[in-house]
Amino acid sequence: MSQTILYTQCPGCSHSNIQPVLEAKDYTVSHETFAIWECGNCTLRFTQNVPEAAAIGRYYQSDAYVSHSDTKKGVVNRLYHIVRNITLKGKLKMITGVTGKKTGSLLDVGAGTGAFAAVMQQNGWQVTGLEPDETARKNAARNHGLNLQTLEALYHLPAAGYDVITMWHVLEHVHELHGYLNRFQTILRPGGTLVVAVPNYTSADAQRYGASWAAYDVPRHLYHFSPASMRTLVAQHGFKVVECKPMWFDSFYVSMLSEQYLNGKGNLVKAFINGWRSNTKAASSPEKSSSVIYIIKQK
């Protein structure tokens, strides 16, 4: 039987003031239920009894897991691809804006099927992409001609080798949370930028759907971040959050999935309304958006 991880202290700040807050179901693969706990110190939420890194692979083996399979089956996944084409242009513009560079050296950790890495490379950036899933790497090679490396390569990359490190909905999956952040300090050039996008459990759509909120995505999501917990986490590794940006489309995509999970069937109208309501509340503060992009610099 595979080993699982039972936390007795917060995996973010190591505080012992932790307690259960809800139970969420894996709707994608196993249909198992996992407990989610919260730290009373930094407010990080985390999934209990998650499989260890060597055993979690089977929870990603699904054609419905679009970031690996690139599937266009079903209305939600077709919409995902349409929106992705729009957001890729936005990410390119954002990277240029937050770095002040039109080209440079970029490391994309958890590159998936390589869509973002390909766009950056096509626009003059020197891109290194890391991706643990073999199927995703094959899709990246077939669709974009990219040779993505495994995550083990992270520990062999040159010191001060990158102007930008990006993680698009990846940090919540990483078992070696502190190890990665320590490594980023080493391989990021002085004045470089770390860009981390993760779901935000304090958003209005998360509150609306509760345990059925699709972005809990247990057990693949090991951690569930709030803006406060992200600041606490990165500060331990010599970083600081300098800006937060919203991911406007995530509220709609997550709400579409959450409607299916909550009611057993999709409801595009309800999902659109709840996504719109979430974005309305986030309009005054990006920290309230369904997913937050954290722009992080070295202290």
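Numbers at a glance
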item	result
Candidate set: region 182-195, residues that are surrounded by fewer than 22 Cβ atoms within 10 Å (Cβ to Cβ) and among the polar types (S, T, N, Q); chosen: the one farthest from the chain's Cα centre (by Cα)	T186
From the options K270, K240, K245, residue that is free of Cβ contacts under 8 Å to residues at least 40 places away in the same chain and not polar (S, T, N, Q)	K270
Matching residues in region 215-232 - criterion: being hydrophobic (A, V, I, L, M, F, W, C) and closer than 26 Å to E243 by Cβ	A215, L222, F225, A228, M230
Hits in region 283-293 (condition: in a loop (DSSP other than H, G, I, E, B) and either charged (D, E, K, R) or loosely packed, with under 15 Cβ neighbours inside 10 Å (or both))	A283, S284, S285
Residue among R183, R220, R189, R208 that is modelled with pLDDT of 95 or more, touching a His at 6+ places or on another chain (Cβ under 9 Å) and basic (K, R)	R220
Residues (more than 16 Å from S285 (Cα to Cα) and either free of Cβ contacts under 8 Å to residues at least 24 places away in the same chain or assigned to a helix (DSSP H, G or I) (or both)) located in region 211-229	A211, S212, A214, A215, Y216, S229
Test: residue in region 182-196 that is part of a loop (DSSP other than H, G, I, E, B) and among the hydrophobic types (A, V, I, L, M, F, W, C)	no
Residues (assigned to a helix (DSSP H, G or I) and surrounded by fewer than 23 Cβ atoms within 10 Å (Cβ to Cβ)) located in region 140-163	A141, R142, N143, H144, L151, E152, A153, L154, Y155, H156
Residue in region 171-192 that is polar (S, T, N, Q) and within 28 Å of N85 (Cβ to Cβ) present	no
Residue among T280, T232 that is assigned to a helix (DSSP H, G or I), within 20 Å of M167 (Cα to Cα) and at pLDDT 95 or above	T232
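For (1) over 19 Å from F249 (Cα atoms); (2) among the hydrophobic types (A, V, I, L, M, F, W, C); (3) crowded, with 17+ Cβ neighbours inside 10 Å, each residue gets a yes or a no:
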site	(1), (2), (3)
I165	yes, yes, yes
V170	no, yes, yes
V174	yes, yes, yes
Y180	yes, no, yes
A197	no, yes, yes
Y201	no, no, yes
G210	yes, no, no
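The values are calculated or read from the model by the stated rules, or taken from the named source; none is laboratory data. Quick caveat, the model's predicted, so the values are computed rather than measured. When we count neighbours, we look across all protein chains shown, and the Cβ atoms used for this are built from the backbone with ideal geometry, even at glycine.
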